[in-house]
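The values are calculated or read from the model by the stated rules, or taken from the named source; none is laboratory data. Here the structure is a predicted model, which means the values were calculated and not measured. FYI the Cβ positions are ideal-geometry reconstructions off the backbone, even for glycines, and counts take in every protein chain you see.
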Amino acid sequence: MTRISGRVAQASHVGVVLVLAAILVVGLSGTTANASENDNKGTIAISFPNATKQGAVNFEMRFAKKRAKQLGYKLVINDPGTNTNAAVSTIKTWIQQRVASIVTVALDPKVYEGIAQQAMSKHIKWVTYGAPLPKQDAIIDLQLPKGGETLGKLAGRWIKKNKSKFKGGKAQVALLTFESGEWARQRRNGIERGLKETAPGAYTIVAKQDALSETEGLNTTNTLLQAHPELNVVLAVEETGTEGAYQAFLKKGHPKNDPKVFLGGIDGTVKALKLLDAGNTIYRGSAALSLKSVGEAMVNVPVKLLNGGSGGDIRLPIIPLRPGDPRIASLLKEWGQ
């Protein structure tokens, strides 16, 4: 990013022109360069598939934008949806433009390996969000498997404690996932491990369906409840999916505190946090993250690398939440609640 200031003063009798030097301010580095430097040197580009469907990601981006502005960087954000070809095409354009850094969610690591190496060969800092790549400059590690296991264990312990309430002594479980994304597969696998570890033989997984947004969670769970009216547990890899599931159960006539139902998700969105804070509802668990910290990391990590820092990896802690947990208040405060 450039900021050029100058005043031209003309002496009327001698015709002398004075021009103040142009000053280039780049990010936090404090270094100077010519005004002809490529403007993209101060650009951090983020490719985040399905960002607009995920309430948690939309919230993260608020903090990313704010942090980029604080540090003097331009932030470019692209949501290619489920179109991997579109994502790769946009990233290739960024490489041609010589942006400073690329932050991306690699839906399919095998597809992204080559393009990550292309970027790094051009001295563009490559930061992977979520699932790692074999070669990268840094990763924002959301501990995807651990997040899934945390939610699975929260549900599994509840299942084991309440198994006498279920038809046939077994809970019927549905998983809301997004199988096109490696990040989601890692979370879904973690959920299954957590369930198996804490409630072996006490549940049956009756469905695994893609649902990321609240609307998708609502529609998918409506269908699941028609096929499986005794459904007891719905766990989602993305919290907004569970928000929709909550609405589906209420519309189906379940009381909001139905003792035979457990809903839970991952990330910690504001609706989920409020339900957990209120307590005594079917929303009984979340593997939450500090979404403020995640959003800021999308800028802090590349900036550290761009300023010569090493070891830019950052690992975000998972916060297991049950109703009434005192940590909910601090997370709600991040949301401005």
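Looking at PHE166, is it of a type in the set (Phe, Trp, Tyr) and buried (at least 20 other Cβ atoms within 10 Å of the Cβ)? In short, no. Among the candidates GLN96, GLN136, which residue alone is out of contact with any Gly (no Cβ under 8 Å at 6 or more places or on another chain) and in a loop (DSSP other than H, G, I, E, B)? Being out of contact with any Gly (no Cβ under 8 Å at 6 or more places or on another chain) and in a loop (DSSP other than H, G, I, E, B) holds for just one of GLN96, GLN136, which is GLN136.
I need the full set of residues from the range 280-291 which are at pLDDT 95 or above and surrounded by fewer than 24 Cβ atoms within 10 Å (Cβ to Cβ), in order please. Of everything in the range 280-291, those that are at pLDDT 95 or above and surrounded by fewer than 24 Cβ atoms within 10 Å (Cβ to Cβ) turn out to be THR281, ILE282, ARG284, LEU289, SER290.
When LYS110 is tested against (1) modelled with pLDDT under 90; (2) charged (D, E, K, R); (3) surrounded by 14 or more Cβ atoms within 10 Å (Cβ to Cβ); (4) closer than 30 Å to ALA211 by Cβ, only condition (3) is not met. For the range 123-142, the count of residues that are closer than 24 Å to ILE319 by Cβ, of a type in the set (Asp, Glu) and either out of contact with any His (no Cβ under 6 Å at 6 or more places or on another chain) or not assigned by TED's automatic domain parsing to the domain that holds LEU263 (or both) is at least one.
In a residue-by-residue description of the range 137-147, the property of being over 21 Å from the mean Cα position of the chain (by Cα) and at pLDDT 95 or above applies to no position. Taken together, the residues in the range 189-227 that are touching a strand residue (DSSP E or B) at 6+ places or on another chain (Cβ under 7 Å) and exposed (fewer than 15 other Cβ atoms within 10 Å of the Cβ) amount to 2.
Can you find even one residue in the range 231-246 that is of a type in the set (D, E, K, R) and surrounded by fewer than 22 Cβ atoms within 10 Å (Cβ to Cβ)? Within the range 231-246 (the criterion being of a type in the set (D, E, K, R) and surrounded by fewer than 22 Cβ atoms within 10 Å (Cβ to Cβ)), the answer is no, since none of the residues qualifies. A search for C-beta distances below 9 Å between a residue of the range 180-206 that is not assigned by TED's automatic domain parsing to the domain that holds GLU239 and modelled with pLDDT under 95 and any residue that is crowded, with 19+ Cβ neighbours inside 10 Å and of a type in the set (Phe, Trp, Tyr), counting only pairs 6+ apart in sequence or on different chains, returns nothing. Where strands (runs of 3 or more DSSP E) sit wholly within the range 155-237, those with at least 3 residues that are farther than 29 Å from THR84 by Cα occupy 171-177, 203-210.
Here's the yes/no breakdown for (1) in a helix (DSSP H, G or I); (2) more than 26 Å from VAL270 (Cα to Cα); (3) among the charged types (D, E, K, R):
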| position | (1), (2), (3) |
| --- | --- |
| LYS66 | yes, no, yes |
| ILE91 | yes, yes, no |
| LEU107 | no, no, no |
| TYR112 | yes, yes, no |
| ALA131 | no, no, no |
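Beta carbons closer than 8 Å, at least 6 apart along the sequence or on distinct chains, never pair a first residue in the range 49-65 that is at positive phi and hydrophobic (A, V, I, L, M, F, W, C) with a second that is outside any helix (DSSP H, G or I) and at pLDDT 90 or above. All conditions but one from (1) of a type in the set (A, V, I, L, M, F, W, C); (2) more than 16 Å from the chain's Cα centre (by Cα); (3) more than 23 Å from ARG157 (Cα to Cα) apply to LEU231; the one that does not is (3).
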